[in-house]
Amino acid sequence: MASIRAEKLVKRYGAFQAVHGIDFEIADGEFVAILGPSGCGKSSTMRMIAGLETVTEGAIYFDGKRVNDVRARDRNVAMSFESYALYPTISIYENIAFPLRSANVDNREIDRQVRDIAEKMELTPLLDLKPKGLSSGQAQRVGLARALVRNPAVFLLDEPISHLDTRQRYRMRRFIKSLHQKFDYTMIYVTHDQEEALALADRVMVMSDGEIQQMAVPDEVYARPRNAFVAGFVGEPPINFFDCRVAAANGGWGIEFEGRKLALPERLHAAAQAIGDGGLAAIRPHFLSIGGDGPLHVDGKVFITEELQDQNLIFVDVGDTRFTLVAHPSVTPRRGEAVRVSIDPEHLLLFPRSQAGKIESLVA
């Protein structure tokens, strides 16, 4: 296993700069997900770690050793891609054995390692088959086994399960998590799917426009996003944003929204003072409710209700803002019905209005 450190890492492709001088550290045996939309720089970052792309500026270290000039084949890095690219004319056994044969490993040792990894990956009954007879999930496990049989120092996974159907993705997600717990590899998982990142990783690195927006444990990324982009990109259904005016009130701070003054909890007073007049408030759909008379509430009209059996999504128009709420299946207000929306003040977030531009692509 290996620890990884990047210092002022830059990647340019001609005049285009994909990665903008980022710094991060990944501990030996840690599972980190690099999360972000297409074009954010996550794949370029992973490929520089693997040695598949040259580093334009900055440095990458494995266990304190600078590896910028170390060839990819000499970094002891294994990779698994969305396309598992199995060799169709040879058996599963030989597909897994291929990297060991390429390294001139003794036949007896190859057999021992192949059968060992096959048992751990639940592939032993499939060793004599060829890839054509496998399901997508089985083929993905073979691709993972072929990468892991090398006993890599770092294991990189680039969108490895995005092409699978929903049921297979859930199963492979559990399987990948169990692999990390079993082998304790240093693992980097690149994805645009925030649910995968939050479910699998010890820490999540959220990227946008070639920069790290936040790197923290999943709970912190979800509950305490550093900026409006992270708040908007992470979470399903998406977070609700609404413009507000920030003002001092009764020895504390509050916001004005649609003509209504809402007192802010004390934990937001410092942020409110720093923001000044223009604010961008945010609240996740799970922390809004229909009815009640809590300290923070607004009145609106139901636009539509989506009944999803285990929960309902209720869309409520408050002035020019449309809120999404998650409610119990028994809560089924009618279209056009006037309702009161209660806001849980303990989960309200507040950002400078200048960050609104960061979320335009997310809410378009």
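Can you confirm whether segment 12-34 contains a residue that is surrounded by 20 or more Cβ atoms within 10 Å (Cβ to Cβ), assigned by TED's automatic domain parsing to the domain that holds residue 175, in a loop (DSSP other than H, G, I, E, B) and at pLDDT 95 or above?
Within segment 12-34 (the criterion being surrounded by 20 or more Cβ atoms within 10 Å (Cβ to Cβ), assigned by TED's automatic domain parsing to the domain that holds residue 175, in a loop (DSSP other than H, G, I, E, B) and at pLDDT 95 or above), the answer is no, since none of the residues qualifies.
With surrounded by fewer than 18 Cβ atoms within 10 Å (Cβ to Cβ) and either assigned to a loop (DSSP other than H, G, I, E, B) or modelled with pLDDT of 95 or more (or both) as the only criterion, which of 316, 331 stands out?
Answer to the check: 331.
Go over the candidates 257, 242 one by one and state the one that is under 13 Å from residue 359 (Cβ atoms), hydrophobic (A, V, I, L, M, F, W, C) and assigned by TED's automatic domain parsing to the domain that holds residue 323.
242
Determine which member of the set 27, 118, 59, 97 is among the aliphatic types (A, V, I, L, M), over 21 Å from residue 159 (Cβ atoms), touching a residue at least 24 places away in the same chain (Cβ under 8 Å) and touching an Asp or Glu at 6+ places or on another chain (Cβ under 7 Å).
59
So that you can scan it fast, the table gives a plain yes or no per residue for (1) in a loop (DSSP other than H, G, I, E, B); (2) modelled with pLDDT under 95; (3) surrounded by fewer than 15 Cβ atoms within 10 Å (Cβ to Cβ):
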position: 248; (1), (2), (3): no, yes, yes
position: 274; (1), (2), (3): no, yes, yes
position: 279; (1), (2), (3): no, yes, no
position: 295; (1), (2), (3): yes, yes, yes
position: 323; (1), (2), (3): no, no, no
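Being β-branched (Val, Ile, Thr) and under 11 Å from residue 40 (Cα atoms) is the filter; apply it to segment 192-216 and report the residue that is farthest from the chain's Cα centre (by Cα).
Looking at the filtered set, the residue picked out is 212.
Would you tally the residues in segment 334-361 being assigned to a helix (DSSP H, G or I) and of a type outside the set (Lys, Arg)?
So the answer is 10.
The values are calculated or read from the model by the stated rules, or taken from the named source; none is laboratory data. Note that the structure is predicted; figures quoted are calculated from it, not measured. Note that we place each Cβ from the backbone using ideal geometry, even for glycine, and neighbour counts take in every protein chain shown.
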